[in-house]
Amino acid sequence: MKYIKNALIVVGILCVCAVSINAVQEAPQNSEATNQTDTDNQKEKSVAENYTIKALPVPTNLDFAGETVPLEDPDVYERLDRELLVNTYWQSNAFLLMKRAQKFFPVIEPILREEGVPDDLKYIAVIESGLTQAVSPARATGFWQIMSGTGKDYGLEINDNVDERYHIEKSTRVAAEYLKKAKENLGTWTLAAAAYNAGNRGISRQLERQKVSDYYDLLLGEETGRYVFRILALKEIMSDPAKYGFQFEDDDLYKHIPTRKVEVDTVVRNFADFAKGFGINYKILKIHNPWLREAHLNNASRKKYEIDIPEVGIYPAIN
C-alpha cells in the first residue's frame, strides 16, 4: 500500500510538471499570434487613415457657358456624380491635365475670347485629347481632334509636308468657328458642345425625333451622353482642385514657354540645320511646331509660314 501511495505521488508530480512545461511552451506562441493580429489591425488602420475614399460633393449650382445645369433632375445629378468620381479618383490623369492646362490654356483662352466663344469651351480640348497632339483611330488629329475633311473645309493646310491640325492656334480658331456655327444652328452652347462630338446633324436629328429642345432631356449613346458631363466634371475639378483633394504649388505645374515667330517663305531643305541657326535643336523645333510633318519644307509656292522659336535662355544652349 505504501508503494502504491508513493507511486501515485510521483505520477501526480510528473503530471503537474508536464502541464507547466506545456503552458510555458504555448505562452510565447500565443503571444506571437496576438502581436501579429495587433500588427495587422494597425496596418489596416494606417491604410484607412492615410487613404480614405470619400463620396464627393456634387455642386448645388453649376453652369456651362452661362447655361444652367438642371441638377434637380436625379438623372443629371447621377451622371455628373459619375464623372466627378471617375475623374477625381483617376488622380494621375487629372494631375497631368492640370499640369498641361497651365502650359496651354494661355494659348487657347485668348483665341476663344477673340472669337467670341465662352471660356468653358476650352475644356472640349481637354476631354478630346488630354491637351496632347493625339491621333484617334478614326484619324481625328491634334488638340481639338479635327478630321481631315473638316480641317480642309475650314481652311487648314493638310498634306504630307504640313498638317495644321497640329497647329494649336490655327486649330483652336477652327474649333471656335465650328462651335459658333453649331450654337447658331442648335440654340445653346451646351448643344453646340454635344455637336462637337456627334455632329450638328446628329444632334438635330435626335432633338427632332425625341421632341425635346435641351441636351439634358436627350437620350443619347454612351459617348455623346457622357460628353458634356465629362466637360462639366473637369471644369469643376480643374477650377477648384483643392476642393477635390489635389494639393500642389504653382511650381509643380508645367510652364507656358514664350516664343517668337519667324517668317519663312522659301524652301527649307533641312530643319536640323535651320534649328541650329536659332540656337536650338531639331527636337525643340518640332516640339513647338508639330504641324511641320517632315524634316524639310517643300514650299514651291513660296507661301509665308510662321515658325515658333523659343525665346533665348528657355532651353540649354546647344553645342
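Every number in this text was worked out from the coordinates using simple rules, so none of it is lab data. All values reported here derive from a predicted model rather than from experimental measurement. Cβ sites come from the backbone with ideal geometry, for glycine too, and all protein chains shown count toward neighbours.
Figures for the structure shown
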read-out	value
Sparse-neighbourhood loop sites, chymotrypsin sites (Phe, Trp or Tyr not before Pro) in region 218-263 - DSSP loop, at most 13 other Cβ within 10 angstrom	248
Region 111-175: relative contact order as a whole-number percent, Cα under 8 Å and 6+ apart	27 percent
Relative contact order (%) - region 259-310, alpha-carbon pairs under 8 angstrom, separation at least six	60 percent
Whole-Hz couplings from phi, Karplus 6.51/-1.76/1.60, listed for region 261-278; x for Gly and Pro	9, 10, 7, 10, 10, 10, 5, 10, 7, 8, 6, 5, 5, 4, 4, 4, x, 10
Filtered GluC sites (Glu not before Pro), region 186-272: DSSP coil and at most 15 other beta carbons within 10 Å	249
Estimated vicinal HN-Hα couplings, Hz - region 130-146 in sequence order (Karplus 6.51, -1.76, 1.60; Gly, Pro = x)	x, 6, 10, 7, 7, 10, 7, x, 8, 6, 5, 9, x, 3, 9, 6, 8
For region 214-289, average projected area of the Cα convex hull in nm²	10.3 nm²
Filtered chymotrypsin sites (Phe, Trp or Tyr not before Pro), region 85-115: DSSP coil and at most 12 other beta carbons within 10 Å	90
Likely footprinting exposure, 267, 117, fewest C-beta neighbours within 10 Å first	267, 117
Most positive-pole-ward Cα, 188, 172, 148, against dipole of region 132-219 from beta carbon charges	188
Residue order, fewest to most surrounding Cβ atoms within 10 angstrom, among 190, 224	224, 190
Distance between region 245-319 and region 206-237 - C-alpha centres, whole angstrom	39 Å
Prolate/oblate/rounded label for region 65-165 (Cα gyration tensor, a/c 1.5)	prolate
Ranking of 217, 265 by count of other Cβ atoms within 10 Å, fewest first	265, 217
